[in-house]
Amino acid sequence: MGCVHGKCCGRFPKSSDGDPREFRDAGPYSVQRKQHILTERTLELVPVPSHNFKLEYTVLTQRGYYPDSPDKENQDSFCVRTQVQGNPNIHFFGVFDGHGQLGTQCSNFVKDRLVEILANDPTLPDDPEKAYNSAFLATNNELHGSVIDDSMSGTTAITVLVVGNTLYVANVGDSRAVIAVKDGNRIIAEDLSCDQTPFRKDEYERVKLSGARVLSVDQVEGLKDPNIQSWGDEESEGGDPPRLWVPNAMYPGTAFTRSVGDSTAEKIGVVATPEVKIVQLTPNHLFFVVASDGVFEFLSSQAVVNMAAKYSDPRDACAAIAGESYKLWLEHENRTDDITIIIVHIKGLSNSAAGATDATDGSTNRGARRRRKGNSDSSFISGSEVFRSVRSDSSEMQSCQLVLSMNRSPAIVVPSPTCQSPRNGMWVRGAIQAATEAVDSAYTR
């Protein structure tokens, strides 16, 4: 959701991390790569030998459409680092959503430094949670001390560290990770993170104790009573969310309560301390999604999982989710957000390797962050409808998917033009139509 000033395509690059480690031959545990014929994005496969399963993953990042700022950069970045510390059982996936004037620099800085600090922490294999906390705080301090002016800029960070058959999910901000769990003949979305915004009572109370004023833009502008400190929920009131302001001034206006950077907002409680969730994988865990909030602004976690589960190839899933997100943005706004998605399939995990119990906490999945009037998940089939034919003894995605033909959909559905008039309603309508046709085509192939 970003700051009040707004969020200051493509192919799967070799890695926004820039570290070629995951693309070298590294003996028996090296990453295998497959090239997608139409999208030209890479599908990676990396083993986790300690528990005899594999992770198959891909990434899509798409610059938003900003008609009033046609030269604005994609402020999202991502990092995939396999075999952290040279350990074939430790793998890192992260998405970083920058905001503010120097948001791109902030997200790239954190993307680079966070995983490096983790990789150099000798306590990581034995105490990943402690290492995670230390790495986030150290990265935040380094950003403050860098040449980047992070007084009014920063980044969210949603990261998943795979250590053997355990996921350590560390979140700062309002991007999201969600895992697909097979439950009988259904596939259920379970959130691996909880958006850190003033909608949460605990986060609201924490930042108020640090001196933050919490008001929506309408309240700041005198259109609504500032004394009413209740904003409903993100689904119904996300269009004008509560934001954080310093006393007696109209800045910084962040709609999140944690981030890396944002040194001004840090004075009113916006901290870089992550919330860490630990999940032990079982054969019922099919895949997980790590994505920026551009995806979840209008799509619920369950809708994203429903879409991803329709495709045997995660590249097709990324394309469909990005296309639907883009379409929904343009139905409600004259712009879109940047969109970045990592999808990781969990392949071949057996009961003997995973352990006998399911360590997920049964938490419910969250809805779309902002659901305007008339917007719903009606375009998506429910989990029970899509997967009513799932075989109960299956632990592989292939057994419970609607498998596509070999003719897969292109990677992204709508261009980000720089030459059209910023107010060109015809282009917006045409973009919505193009997005709709591309997503529909992907579903019917």
- Task: Could you do me a favour and compute the accessible area per residue for region 206-262, 1.4 Å probe, result in Å²?
- Result: 45 Å²
- Message: Please list, in order along region 161-172, the HN-Hα scalar couplings obtained from phi with the Karplus expression 6.51 cos²θ - 1.76 cosθ + 1.60 (θ = phi - 60°), rounded to whole Hz, x for Gly and Pro.
- Response: 10, 8, 10, x, 9, 10, 9, 10, 10, 10, 10, 9
- Query: Sorted by average packing, counted as other Cβ atoms within 10 angstrom per residue and highest first, what order do 279-289, 295-305 take?
  - Reply: 295-305, 279-289
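Given a cut-off of 29 Å, name the pairs among Lys208/Lys327; Lys130/Lys327; Lys130/Lys267; Lys182/Lys208; Lys72/Lys208; Lys277/Lys310 whose C-alpha atoms lie farther apart than that in the structure shown.
On the way: Lys208/Lys327 36 Å; Lys130/Lys327 40 Å; Lys130/Lys267 24 Å; Lys182/Lys208 40 Å; Lys72/Lys208 33 Å; Lys277/Lys310 27 Å.
Over 29 Å apart, Cα to Cα: Lys208/Lys327; Lys130/Lys327; Lys182/Lys208; Lys72/Lys208.
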- Query: In nm, to one decimal, how far is the modelled label at Asn87 from the one at Cys194, with both set 7 Å along Cα→Cβ?
  - Reply: 2.7 nm
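Taking R0 as 25 Å, what's the FRET efficiency between Glu221 and Asn141 from their Cβ-Cβ distance, rounded to 0.05? Don't skip to the answer; put the middle values down first.
Details: r = 35 Å, r/R0 = 1.42.
For Glu221 and Asn141, the calculated efficiency is 0.10.
Of the heavy-atom accessible surface of region 160-225 (probe 1.4 angstrom), what whole percent is carbon and sulfur? Intermediate results must be reported in sequence, preceding the final value.
Values: 1050 of 2130 Å².
Ligands and nucleic acids excluded, carbon and sulfur reach 49 percent.
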- How far is the Cα center of region 293-339 from the Cα center of region 77-109, in Å? 21 Å
- 5 angstrom amide H check on Phe287, placed H, neighbours 5+ away: Ala180, Ile346
- Item | Residue-normalised accessible area of region 129-188, given per residue in Å² at a 1.4 Å probe | 27 Å²
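The values are calculated or read from the model by the stated rules, or taken from the named source; none is laboratory data. None of the values given here were measured: they were computed from a predicted structure. With ideal geometry, Cβ positions are generated from the backbone for all residues, glycine too; neighbour counts draw on all protein chains shown. Note: areas computed on protein heavy atoms with side chains; ligands, DNA, RNA excluded. Shrake-Rupley method; radii C 1.70, N 1.55, O 1.52, S 1.80 Å.
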